[in-house]
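Participant: Structure provided below as structure tokens; questions to follow.
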Amino acid sequence: MNYKINKKQFKMFEKECSKWIKYFGLLDWEVNIREEKRKVNYLAQTSVSFHNRIATIKVVKDWGKFETTNKEIKKTAFHEICEVMFYNVRYLAEARFLTESEIDPEIHKLIRILENTVFEESNA
């Protein structure tokens, strides 16, 4: 089966991002959310302009084999806002001559902890 995000689900994603931006107090960031129409190997991706405090989240329209349930859409929004929250960690670590392959697993470890605690508790 090939799952796709519809307009209603995209709006849900935007609303969920706003919820977590407020929850984590990330109000000093400008967060732009866009739809990614081309085929890629992720559900959403966040890119950041650190000095300008601007984050752009691209949500993939075609999720392929990943089911577009409300919970998965909300969890993906949570994950991308965590990417924004931990971006400073990534920035500082990269400035210390570490490689992305050393940094990325640690950031995702923290995000998974939050997904399995904060996110799960908020959707109980």
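Participant: Please identify the pairs in which a residue from the stretch 53-77 that is closer than 12 Å to E14 by Cα has its Cβ atom under 8 Å from the Cβ atom of a residue that is modelled with pLDDT under 90 and part of a strand (DSSP E or B), counting only partners at least 6 apart or on another chain.
Facilitator: K58/E36; V59/E36
Participant: Hey, among the residues in the stretch 78-110 that are β-branched (V, I, T) and assigned to a helix (DSSP H, G or I), which one's nearest to F10 (Cα to Cα)?
Facilitator: Selected residue: I81.
Participant: Name the single residue that is surrounded by the most Cβ atoms within 10 Å (Cβ to Cβ) among those in the stretch 61-77 being in a helix (DSSP H, G or I) and charged (D, E, K, R). I'd like the intermediate steps shown before the answer.
Facilitator: Taking the stretch 61-77 and keeping what is in a helix (DSSP H, G or I), we get 70-77.
Now restrict to residues that are charged (D, E, K, R): 71-72, 74-75.
Details: K71: 11, E72: 15, K74: 21, K75: 17.
Residue satisfying both the conditions and the ranking: K74.
Participant: If you take the residues of the stretch 41-60 that are in a loop (DSSP other than H, G, I, E, B) and of a type in the set (A, V, I, L, M, F, W, C), which of them is surrounded by the most Cβ atoms within 10 Å (Cβ to Cβ)?
Facilitator: Checked the stretch 41-60; the qualifying residue surrounded by the most Cβ atoms within 10 Å (Cβ to Cβ) is L43.
Participant: Pairs only if they're at least six apart or on different chains, beta carbon under 6 angstrom, first in the stretch 11-40 and part of a strand (DSSP E or B), second surrounded by fewer than 11 Cβ atoms within 10 Å (Cβ to Cβ); list them, first residue then second.
Facilitator: Taking only residues 6 or more apart or on different chains, not a single pair turns up.
Participant: Quick check on the stretch 1-40: of everything there that is acidic (D, E) and within 15 Å of the chain's Cα centre (by Cα), which residue is surrounded by the most Cβ atoms within 10 Å (Cβ to Cβ)?
Facilitator: The selected residue is E16.
The values are calculated or read from the model by the stated rules, or taken from the named source; none is laboratory data. Everything numeric in this text was worked out from a predicted model, so none of it was measured. Positions of Cβ are backbone-derived with ideal geometry, glycine not excepted, and every protein chain shown enters the neighbour counts.
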